[in-house]
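A short worksheet on the structure shown next.
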Amino acid sequence: MLLHILLASPFVAAFLLALIPGRFLRASLVASTGLASAIAGFALFIISGLNGSPIASDSISWFTLPGTTATVHYSLFADGFALWMVLLTAILVTSVIWIGKTCAGERYKGFAALVFLLEGALFGCFLASDAVLFFLFFELLVPPAALLISVFGGAGRNRAAILFALYTLLGSAPMAIALWALATWTGTTDGMQIATALAAIAPEKVTLLFFAFALAFAVKTPLFPFHGWQAEAYSEAPAPVTALLSGAMAKVGVFGFLRWTMPIFPNEVVEYGTLFILLGLATVIYGALVAMRQTDIKRILAFSSLSHLGLTVVGAFTLHDGAIFGVVVMMVAHGFSAGALFLLAGIPERWNGTRNIFAFGGLASQSPRFSLLFMLACLAAVAVPGTLGFVGEFLILQGIWQTFGPIIALAAGLGAILSAAYTLRMVQAMLFGKATSTGVGPEIRKSEMVAIFPLIAILFVLGFAPKLVLHSVESTLGQAPSSVANAIPENAPNATER
Amino acid sequence: MTPDLMAVQGVAVVLFCLGIAVAMTRRNIFFILMGVELAINAANLSFIGFSRTLPAAMSLTGQVVPLFAIAVAAAEACVGLAMVILIYRARESLDSESFANLKE
Amino acid sequence: MYPIASYLWLIPALPLAGAILLGIISQLYARRDFGPSERSMGILAVAFPALAFAVTVFFATRFPLGESLRSVIAPWIVIDQVSVSFGFLFDDLSRIMLLFITGIGALITLYSVGYMHGDRGFVRFMAYMNLFLFSMITLVLSDNLVLTFLGWEGVGLCSYLLIGFWHSDPANGAAANKAFLVNRAGDLGFLLGIFALITLAGPSGISFPELKAWLLDPENSSLIQGPGQLLILLATFFLFWGCTAKSAQIPLLTWLPDAMAGPTPVSALIHAATMVTSGVYLLARLSDLFVLSPIVMGMIAVIGLGTAMWAAVAGIFQDDIKKVLAYSTVSQLGFMFLAAGCGAFDAAIFHVFTHAFFKAALFLGAGSVIHALAGEQDLRRMGGLVKSLPITFIILASGWIAIIGIPGTAGFWSKDLILERVYVSGPMGPVLYFAALATAILTALYMTRMMVLAFAGSFRGSHHTKDHAHESPLSMRIPMLVLAAGSLLAGFVWAGLIPGLDIFGRALAPIVGNAQHLFHPAEHHGPSAWIFAAAGTAAAVVGAISGWITYIRRIPSLLGAPGPHGLAKRWTLAFDSLHFVFAILPTRVAAWISDVLVQRTFEGLQILAGFFVLDSASVIRKLQVSSLRLQLGLTLGLGLLISILILERIS
């Protein structure tokens, strides 16, 4: 029951928001912030009440796919991992809603409504327990996001929105077909039963299904060859929207790998895991290298995001328990740090109208509060120990070491050095160096600080107490039948003893 | 006097073709509607012709269907003319070529 | 064991609280024209380190040598595979390190109150210094490698912030970036070493007491001798790699000379006394592990010696007084690594201890000279300062005789101990010894050069600076005098030649004694200690006299920028060039390939795809029938066609 309320709440919020006449900006601001905080609080409440056992909702039969014997159910499932993703989304949405008024202006109500719809679709992705239901919400992510980009974005927004929409939809089209095939061959679409049901199907067919599923998530994350939409979409979208896209929506991709690919196709994951490891490593290095040459602050952050999530994919495909924990932790950490950084990146854009990092300079002396927050957010992104990102990277790299040995771990760790390189370059160009003008400059508004500071604070608090994340994930990760830990066959070459 | 089946059908076909020709060649929307009406009535004539010349069991169909068709045609004329009025208000023109919104 | 151990957290917490408090104050005043009162902020800034020192002294004196306190506060990362907690270990090694870290840290913070007088970022500087002390204390006080790593990266971060403190000059920013990146490269090695240890010794293998117990456990000896050898090699190699970056050894030493861009107190505290010695500390702490890998030990010794020699030669070429001291630090660190590589961990830590005193004294003295000459750092423009800056001269002279190893000074005892131990360390010992002795001569040479150029002869600078020359204020003088006294006297805690004065060595025995005994099972007998002492003194005297003779009459040309030129410059920048060729250039090329070739190709393909879609769309659009009548006709025609087909089907 709780889960149904949780899933419905953003849609209800969007609906309530639509009832407010467009003129009352202040009312819509207050209402939307209140609603967003309420949703976040509710998610927090659920997660704190989760003591050791995942929550599964009752399933309601929805419709039968014609031509198959499979019935699609409306059923939800939440373990610690999914709930942390939900909580991350809810907190990010609260910050985004609050900051959104600076970028949406008069059309704030539409902005907030679209953000709530996006939030609802995200919740659905994380909570759905039926494959078709998951796919529904997966597709449902695209319209609000594309609309947000094309209505509120920068100069190249239409192209960016179309690119984003087309890439995502083309990437998930095979998955639609695969789901239909799955339903036809196995007669079920329930997440818990697919894995066992697939054992009876011919391996060639299952491989096709695996790649169809994996493609959709590889485009969403994104992973190296399929990242073409990301740089443009992230840079043209308004900063709060990018924060949400990078912080929450990209996580759906990795979530999809962990929840909807690995437990369902364990043999294929073991067989083709090397391919994904290589792609992930390529993503890490490629993203970092390209980031070093960019001059647009949001493009730097976009490629940085690409690089970090590449590391999570590598960690996921090691199939090492400790690394999986690291992946979850890093997803939470990256969500908050990317969210904070993108929100912060929007502020100089607003001051100067440009995103070129060399157009600023000396912000440390002109805008000290902004600089402090920016510096802290960069430290969190670079995974300095004491932040949650370090815990994630530490666990992932350790898993890589134990599974693949020192050389691959070294290669993956190069990303850490490179991330420091491009982050410092960005910090140097923007915060330090000659000031563009003397005296004090524009400063971050109190409202923006209120929205951004909690994200950074969470990173540092959780960095010293990661057990808040680890505990809820650990206690339930092994219990869901559709979890990685239980799905890998014992004779897999990657299974580790330690 | 027994009408010749072929003659009635022939007239019906000619009227039908005339109606379609009118609907397809005239640009004024009223004439298009007139042409469609003509075509419908030609079909009615065809039914009635068959009702006279076919065995008794089918003759009733041939008279009832045109009745329905006349009613439907009347309704369709009402709706069509109402739409024409609305379109005219928007477009200030009765030229069917100017109703096209799709870009070339 | 002792309930009071649960208060160990106070030692790192005090500077942390200071950093946060000063940081908040700095932010509050950031947008105003002037900062808060320097006097009150200065008192606040020194109070926290001083209190930390007091607490350390309390703990140090409460417990006799040989006792260790352990306090585990809270779990940090605890899962099946990894178990790390926030824990503190106060044993003899950390006791020694903490005493001089907090003590010298407090003194140098006091010095900076005077040095940074008038700087708009005064409070921010003090906040960073306190943050640094917190990180350094965490580094040495932690009971496991991951918490040490937190301190390790923390000091790297503070180093970045402090080197680039005057951030409006991009050159300082570049130096800070370099320091952070080179250190990060080393940090990767540290992490890989941690992973190797976890794989070897299990989830708690990274906690020092547990690791020591595991390594010494006879049950594990077969694992260690057999399949564990590779892991031990990897672990020691990677951890040593981490040490080379932090302690500026070959090949990751390029950041330290550039780090002189920061204010002088930073150079004194971070790049002389504390941060750079973290590598040596780690070697001593993990001595039980390192002695199990003779290959890596040999590597450490050779690299240490090579670094010492290379940096000593480079020191002769420098014209900037701080750069001379920077290369001197690199060279002395090389000595420490040489000692560690030869199995003399306690001698290495002793040299860390004495080096902290005399190098800090030297740096603070140099800072005093710079302060007196209104920012002049070029040795060519100094000279004859012995008359105008007598107290500063005494400070620098104390550091000078200590570093070159005049008998009785702190440097003499520690350096001699190292040379002695190197000689008896094995078949290669004498070779290493003579090379190290040659380096000692070079050390004396360049240090004497520095003293001669700065203090002897007549003043070569401008009249303006000469009139400006004045002694430092009291806040700067007191720390310098204390440190100078330390350079002279601190060595007596382990005066090898005088029986009974070896409290330092006895203190370290429980920590490293086992490892050292393992490395040198038999006591090698070499020449008597007095011969070594004589040789060392001779080296110092020879070097000093050569330096005096060579440079006393020489008037350096004031043309051009200070610093090495020509061949000397190529020597000095040898490792920078190496880095450029092997790391920076390939990265730039790879980045160029990724950006221009791959990314732009993707974007180009996307634009092409877009054009293709638009073109075909315009073609397909032509098929669309917009004429109403044509639609009607086509509909009828198609309907007719379908009806005919269906009728044919039926019939």
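Can you find even one residue in the range C:212-231 that is among the aromatic types (Phe, Trp, Tyr), under 22 Å from C:Ile511 (Cα atoms) and either under 28 Å from the mean Cα position of the chain (by Cα) or not assigned by TED's automatic domain parsing to the domain that holds C:Val146 (or both)?
Going through the range C:212-231, the residues among the aromatic types (Phe, Trp, Tyr) turn out to be C:214.
Applying the additional criterion that residues be under 22 Å from C:Ile511 (Cα atoms) yields C:214.
Next cut, either under 28 Å from the mean Cα position of the chain (by Cα) or not assigned by TED's automatic domain parsing to the domain that holds C:Val146 (or both) only: none.
No, because not a single residue in the range C:212-231 is among the aromatic types (Phe, Trp, Tyr), under 22 Å from C:Ile511 (Cα atoms) and either under 28 Å from the mean Cα position of the chain (by Cα) or not assigned by TED's automatic domain parsing to the domain that holds C:Val146 (or both).
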Tell me, which residue of the range C:597-648 that is at pLDDT 90 or above and exposed (fewer than 10 other Cβ atoms within 10 Å of the Cβ) is farthest from the other protein chains (Cβ to nearest Cβ)? C:Glu648
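For the range C:407-522, list the helices (runs of 4 or more DSSP H) that sit wholly inside it and hold at least 3 residues that are of a type in the set (A, V, I, L, M, F, W, C); which are they? Full working, then the answer.
Numbers: elements: C:410-423, C:429-455, C:463-468, C:474-489, C:503-519.
It comes to C:410-423, C:429-455, C:474-489, C:503-519.
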A:Ala338 meets each of (1) over 30 Å from A:Lys434 (Cα atoms); (2) out of contact with any Lys or Arg (no Cβ under 6 Å at 6 or more places or on another chain); (3) more than 14 Å from every other protein chain (Cβ to nearest Cβ); (4) of a type outside the set (Ser, Thr, Tyr) with one exception, condition (1)
Considering the range C:349-377 alone, what residues qualify as being part of a helix (DSSP H, G or I) and of a type in the set (Gly, Ala, Ser)? C:Ala356, C:Ala360, C:Ala361, C:Gly365, C:Ala366, C:Gly367, C:Ser368, C:Ala372
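Is there a residue being over 26 Å from C:Leu147 (Cβ atoms) and away from chain C (no Cβ under 11 Å) anywhere in the range A:362-369?
Of the residues in the range A:362-369, the ones over 26 Å from C:Leu147 (Cβ atoms) are A:362-369.
Among the residues that remain, those that are also away from chain C (no Cβ under 11 Å) are: none.
Checking the range A:362-369: not a single residue is over 26 Å from C:Leu147 (Cβ atoms) and away from chain C (no Cβ under 11 Å).
Only one residue in C:Ala454, C:Ala469, C:Ala436, C:Ala410 is under 30 Å from C:Arg39 (Cα atoms) and in contact (Cβ under 8 Å) with a residue 24 or more places away in the chain. Which one? Step through it out loud before you land on a result.
Numbers: C:Ala454 fails: under 30 Å from C:Arg39 (Cα atoms); C:Ala436 fails: under 30 Å from C:Arg39 (Cα atoms); C:Ala410 fails: under 30 Å from C:Arg39 (Cα atoms).
Result: C:Ala469 is the single residue among C:Ala454, C:Ala469, C:Ala436, C:Ala410 that is under 30 Å from C:Arg39 (Cα atoms) and in contact (Cβ under 8 Å) with a residue 24 or more places away in the chain.
Quick check on this structure: which one of C:Pro251, C:Pro263, C:Pro227 is more than 25 Å from C:His520 (Cβ to Cβ) and free of Cβ contacts under 8 Å to residues at least 12 places away in the same chain? Show your work before the answer.
Details: C:Pro251 fails: free of Cβ contacts under 8 Å to residues at least 12 places away in the same chain; C:Pro263 fails: free of Cβ contacts under 8 Å to residues at least 12 places away in the same chain.
Answer to the check: C:Pro227.
Conditions tested, residue by residue: (1) within 17 Å of A:Trp229 (Cα to Cα); (2) out of contact with any Phe, Trp or Tyr (no Cβ under 9 Å at 6 or more places or on another chain); (3) buried (at least 24 other Cβ atoms within 10 Å of the Cβ); (4) more than 14 Å from chain C (Cβ to nearest Cβ).
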position	(1), (2), (3), (4)
A:Phe276	no, no, no, yes
A:Thr283	yes, no, yes, no
A:Asp296	yes, yes, no, no
A:Val313	no, no, yes, yes
A:Ala316	no, no, yes, yes
Out of the residues in the range C:316-326 that are part of a helix (DSSP H, G or I) and out of contact with any Leu (no Cβ under 8 Å at 6 or more places or on another chain), state the one that is surrounded by the most Cβ atoms within 10 Å (Cβ to Cβ). C:Lys322
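Take the conditions surrounded by fewer than 20 Cβ atoms within 10 Å (Cβ to Cβ) and part of a helix (DSSP H, G or I) and apply them to A:Ser447. Does it pass? Spell out the reasoning first.
Values: surrounded by fewer than 20 Cβ atoms within 10 Å (Cβ to Cβ): yes; part of a helix (DSSP H, G or I): yes.
Yes: the conditions hold for A:Ser447.
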Criterion first (at pLDDT below 90, crowded, with 20+ Cβ neighbours inside 10 Å and away from chain C (no Cβ under 12 Å)) does A:Phe374 satisfy it? no
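If a residue must be within 14 Å of another protein chain (Cβ to nearest Cβ) and either among the charged types (D, E, K, R) or over 28 Å from A:Thr387 (Cα atoms) (or both), how many such residues does the range C:51-81 contain? Before the answer, list the steps.
Start the filter on the range C:51-81 by keeping residues that are within 14 Å of another protein chain (Cβ to nearest Cβ), which leaves C:73-81.
Those still in the list that are either among the charged types (D, E, K, R) or over 28 Å from A:Thr387 (Cα atoms) (or both) too: C:80.
Summing the residues that are within 14 Å of another protein chain (Cβ to nearest Cβ) and either among the charged types (D, E, K, R) or over 28 Å from A:Thr387 (Cα atoms) (or both) in the range C:51-81 gives 1.
Just to be sure, is C:Phe237 among the aromatic types (Phe, Trp, Tyr) and either within 15 Å of the chain's Cα centre (by Cα) or modelled with pLDDT under 90 (or both)? Full working, then the answer.
Values: among the aromatic types (Phe, Trp, Tyr): yes; either within 15 Å of the chain's Cα centre (by Cα) or modelled with pLDDT under 90 (or both): no.
No, not satisfied.
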Quickly run through the range C:2-50 and pick out the residues that are closer than 19 Å to C:Thr102 by Cα, touching a strand residue (DSSP E or B) at 6+ places or on another chain (Cβ under 7 Å) and either within 14 Å of another protein chain (Cβ to nearest Cβ) or at pLDDT below 85 (or both). C:Ala5, C:Trp9
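I'd like the residue in the range C:224-272 that is polar (S, T, N, Q) and in contact with a helix residue (DSSP H, G or I) (Cβ under 6 Å, 6 or more places away or on another chain) and, out of all such residues, is farthest from C:Lys569 (Cα to Cα). Let's see the steps before the verdict.
Just the residues of the range C:224-272 that are polar (S, T, N, Q), to begin with: C:225, C:229, C:236, C:244, C:247, C:249, C:254, C:264, C:267.
Within this subset, residues satisfying the condition of being in contact with a helix residue (DSSP H, G or I) (Cβ under 6 Å, 6 or more places away or on another chain) are C:236, C:247, C:249, C:254, C:264, C:267.
Values: C:Thr236: 34, C:Ser247: 22, C:Gln249: 19, C:Thr254: 13, C:Thr264: 24, C:Ser267: 22 Å.
My answer is C:Thr236.
So that you can scan it fast, the table gives a plain yes or no per residue for (1) modelled with pLDDT under 95; (2) within 11 Å of chain A (Cβ to nearest Cβ); (3) in contact with a Ser or Thr (Cβ under 6 Å, 6 or more places away or on another chain); (4) under 28 Å from C:Ile25 (Cα atoms):
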residue: C:Ser85; (1), (2), (3), (4): yes, yes, no, no
residue: C:Leu89; (1), (2), (3), (4): yes, no, no, no
residue: C:Met116; (1), (2), (3), (4): yes, no, no, yes
residue: C:Val123; (1), (2), (3), (4): yes, no, yes, yes
residue: C:Ile163; (1), (2), (3), (4): yes, no, no, yes
residue: C:Ile194; (1), (2), (3), (4): yes, yes, no, no
Applying the selection to the range A:422-471, what residues are farther than 30 Å from C:Gln81 by Cβ, away from chain C (no Cβ under 12 Å) and of a type in the set (A, V, I, L, M)? A:Val450, A:Ala451, A:Ile452
Just for the range A:407-416: of the residues that are facing another protein chain (nearest Cβ under 8 Å) and surrounded by 20 or more Cβ atoms within 10 Å (Cβ to Cβ), which one is farthest from A:Ser305 (Cα to Cα)? A:Ala409
Just the residues that are more than 9 Å from chain C (Cβ to nearest Cβ) and not in a helix (DSSP H, G or I), please, taken from the range B:5-37. B:Asn28
Residues (at pLDDT 85 or above and among the polar types (S, T, N, Q)) located in the range C:425-466: C:Thr439, C:Thr443, C:Thr448
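Of all the residues that make up the range A:384-406, how many are crowded, with 24+ Cβ neighbours inside 10 Å and outside any helix (DSSP H, G or I)?
Restricting attention to the range A:384-406, the residues satisfying the condition of being crowded, with 24+ Cβ neighbours inside 10 Å are A:385, A:387-401.
Narrowing further to those that are outside any helix (DSSP H, G or I): A:385, A:387.
The number of residues fulfilling the criteria is 2.
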What number goes with the only condition from (1) within 14 Å of chain C (Cβ to nearest Cβ); (2) part of a helix (DSSP H, G or I); (3) buried (at least 23 other Cβ atoms within 10 Å of the Cβ) that A:Leu170 does not pass? (3)
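For the range A:182-241, please list each of the helices (runs of 4 or more DSSP H) lying entirely inside it that holds at least 1 residues being in contact with a Lys or Arg (Cβ under 6 Å, 6 or more places away or on another chain). Full working, then the answer.
Working: elements: A:191-198, A:203-220, A:228-236.
The qualifying helices (runs of 4 or more DSSP H) are A:228-236.
The values are calculated or read from the model by the stated rules, or taken from the named source; none is laboratory data. Keep in mind that what you see is a predicted model, and the values were worked out from it rather than measured. A quick note on method: Cβ atoms are made from the backbone with ideal geometry, for glycine too, and the neighbour counts reach across all protein chains shown.
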